[in-house]
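What follows is a single structure, written as structure tokens, with notes after it.
FYI, it's all coordinate maths here, none of it is from the lab. Note that the coordinates shown come from a computational prediction; the quantities given were computed from them, not determined experimentally. Don't worry about glycine lacking a Cβ; one is built from the backbone with ideal geometry, like all the others, and counts go over all protein chains shown.
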Amino acid sequence: MVSILDIIGPVMVGPSSSHTAGACRLGLIARDLVAGTPESALIELHGSFARTGEGHGTDKAIVGGLLGFRPDDERLRDALTIMEKEGLDFRFEKTTLGDEPDVHPNSVRITVKRQHREHVMLGASLGAGRIKVSQIDGYPVEVDGSHHTIAMVAEDVKGSIARITGILSDDGVNIATLRLTRKHRGGDAFIVIEVDEQPADRVRDDLRALSWVRWTHRIDKVGG
């Protein structure tokens, strides 16, 4: 199905929905993984992002997202200057993340660090401002930013999903989708839950308080 967004594109600071709006949204999701503006970030650009990203403002857009700017924020144009003034250590590198079509040409790997936390995210800008995050901390995921999302790493223990969904239900949060990936039985599991309402801070805190949860983060809706 084709939406009006696919026809006219997102509201954004130009010039390109793929290289600007989508890139900004990827930066916003990476920012949420460390719950705020990272103190440092390694931004590895692949394919078209690496070849033409600078001319299309991809660098400004990703940095703007990491700073918390939305795709329609005029400050995106000055994101690199703002980054330097705030003394943030954001570095860009060009890389090859794999062969096409396995890896989308507008792909980026972002490593963010803040307050002794470090997370690595692999994502792509698909066009018309749409994005897909395909990997977080080595776990395969599917996050498109169209819902508020809870991302968790937890021990693979019996009853864990029932306990998690119970916490969400008690707070009146409705689940849209739930995906679980584990590397092996009894090991760590990566859980991605898309929800209709933005979870309150207490939901995040209740999930973090579970003894078998390694970490959990709330990822705000960035589009869709």
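Some values worked out for this structure:
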quantity	calculated
Order of ASP78, ASP102 under a 10 Å beta carbon neighbour criterion, fewest first	ASP102, ASP78
Proximal charge balance of LYS221 [Cβ under 13 Å; K/R count +1, D/E count -1]	-3
Karplus-derived HN-Hα couplings along segment 128-142 (A = 6.51, B = -1.76, C = 1.60, θ = phi - 60°), whole Hz, x at Gly and Pro	6, x, 7, 9, 8, 8, 10, 7, 9, 6, x, 9, x, 9, 9
Aspartates and glutamates whose Cα lies under 13 Å from that of LYS158, excluding same-chain neighbours fewer than 8 positions away	ASP188
Proximal lysines relative to LYS221, as straight alpha-carbon distance under 29 Å, when same-chain residues fewer than 8 apart are discounted	LYS60, LYS85, LYS94, LYS113, LYS132, LYS183
Euclidean distance of C-alpha centroids, segment 50-69 and segment 176-224, integer Å	28 Å
Packing-based exposure ordering (other Cβ within 10 Å, fewest first) of MET121, MET83	MET83, MET121
Most mobile of VAL157, VAL203, VAL143 in a GNM of the chain (Cα contacts under 10 Å)	VAL157
